[in-house]
Structures are given as C-alpha cells and as structure tokens.
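Report on the structure given below.
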Amino acid sequence: GESITGSVTANYFFGAPAGEVPLQWTLLRSPASFHLPGYQVGKADTDWLSGLPGFYYFGNQEEIDQGEGRTNSSGSLDIDLKLPVEDERYLYTLVVTVLDESGVPVSARSDLLVNPAQFYIGIKPDSWSGQVGRETGFDIQVVDWDREPAGVQPLAAEYSKILWERIDPQPGDLRGFPVYEAHYTIVGSVDLVTGTDGKARIAFTP
C-alpha cells in the first residue's frame, strides 16, 4: 500500500549527465517465499496439481506495468510506481532501458521486496500424519521480516477438510493430464494469542 518511486540517473561514460534522452521502463514481479526453518509459512503450493507433472518453471516474472519517459537536463527521471495490494510476498523488478543518440540501448534494473504485512506466521505440526480420534498439535511462531519474534499477536485458525476432485482432460485438450480441484469444508476453528516470544500452540482432533 505504500507509494514507491523509481529514481533513474543516466550518465555518459565520461561522467556527463545523459540529459533529454528517451527511455522505456517495465515493472515486473515474481513470488518471493519467506523461509522460517522448521515451519511452514504462506499459502500451500499446489502447482504440482496443475496437470503438468515434471514441468516446473522458476524465475518467471509477470509484467505489472510499463511506460516511457525522458530524462531531464540532469539525466534524471522519477517514476511513480503503483503496486497492487496483495496478500503475498513479491519481488518487484524495475527495468529501465535508455537509448543514446546512436540508438544503442543501455539497460539497468533494481529489485524491491514487498511484504504484505508486518509479520509472518509459521506453523509446525507434531507429525505429518495422524489418526482419527487422536489429537494432533501445532506449534505457531510469529516473526517479523528479520525472522525475530513478533511478540503478542491475536490470530484465528481454521481447520479444514479438503476433498481433491479429479478432472480428466476433455477431447482436444492439449494438456493431456488430469487436474485436481480442492474443495474445502471448515470443520473447526479457534482464536489464539501468541506470547511475548511470538509463540502459541493449538490442537485438533479429527
């Protein structure tokens, strides 16, 4: 939700400012995970259910905005960037390409990490499998951007049953693989408050 300004400065090799030269800029973004050792953080990654097993693409960046401009006499230009409000962590990349008098392009880029909130929630189950009628516990850890305890935070937890529905490809579908859709049913919930160490514990009996 904060306003971001990209500041561009163009100079010739001999140090003089590259004034009054045209430029193009592009704003890209890619998901940026938050790693908290021993805990799961963020939304569950279900890309492996997309129907394309064995094909994974890393580093793909989505174009958010683009535009054109011109440097001033000092070789500078400020670009006002409008970042969408999201509930996930993203790495934004501003790419600027300047054309000199001979038409030769020169590009530069800079990155900006954008967080959706002031803290992250980590969840660690007692085990990766459980048994009907037997309680399963979860450790909760809330940390700030530097992975330090975020103190007392009111939270709400929901327990859901997930039914995976298989959808087979239709004739002519070039994908050729089935996909799976998740159907959620909430079966329990609890409100909790973390301690000064950012920790809490909850439990659920399926």
Take the residues of segment 155-176 that are of a type in the set (Asp, Glu) and free of Cβ contacts under 8 Å to residues at least 12 places away in the same chain: which is most open to solvent (accessible area, probe 1.4 Å)? Asp168
Only one of Leu52, Leu77 is modelled with pLDDT of 95 or more and surrounded by 11 or more Cβ atoms within 10 Å (Cβ to Cβ); which? Leu77
Checked segment 32-49 for anything in contact (Cβ under 8 Å) with a residue 40 or more places away in the chain and either open to solvent by less than 100 Å² (accessible area, probe 1.4 Å) or touching a strand residue (DSSP E or B) at 6+ places or on another chain (Cβ under 6 Å) (or both); matches are Ala32, Phe34, Leu36, Gly38, Tyr39, Gln40, Val41, Gly42, Thr46, Leu49
Would you please list the contacts, defined by Cβ atoms under 9 Å and residues six or more apart or on different chains, that run from a residue in segment 1-21 that is of a type in the set (Ser, Thr, Tyr) to a residue that is outside any loop (DSSP other than H, G, I, E, B) and loosely packed, with under 10 Cβ neighbours inside 10 Å? Ser3/Asp80; Thr5/Asp80
Quick check, is Val132 open to solvent by 40 Å² or more (accessible area, probe 1.4 Å), among the β-branched types (Val, Ile, Thr) and without any contact (Cβ under 8 Å) to a residue 60 or more places away in the chain? no
Subset tally (residues that are in contact with a Gly (Cβ under 7 Å, 6 or more places away or on another chain), at pLDDT 90 or above and part of a loop (DSSP other than H, G, I, E, B)) for segment 1-47: 6
Return the total of residues in segment 103-128 being open to solvent by 90 Å² or more (accessible area, probe 1.4 Å) and part of a loop (DSSP other than H, G, I, E, B). 2
If you go through Val179, Val152, Val193, Val187, the only one that is aliphatic (A, V, I, L, M) and open to solvent by 90 Å² or more (accessible area, probe 1.4 Å) is Val193
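The values are calculated or read from the model by the stated rules, or taken from the named source; none is laboratory data. The structure presented is a predicted model; accordingly, all values stated were derived computationally and were not measured. FYI the Cβ positions are ideal-geometry reconstructions off the backbone, even for glycines, and counts take in every protein chain you see. Ligands, DNA and RNA are excluded from the accessible area calculation, which covers all protein heavy atoms including side chains. Shrake-Rupley method; radii C 1.70, N 1.55, O 1.52, S 1.80 Å.
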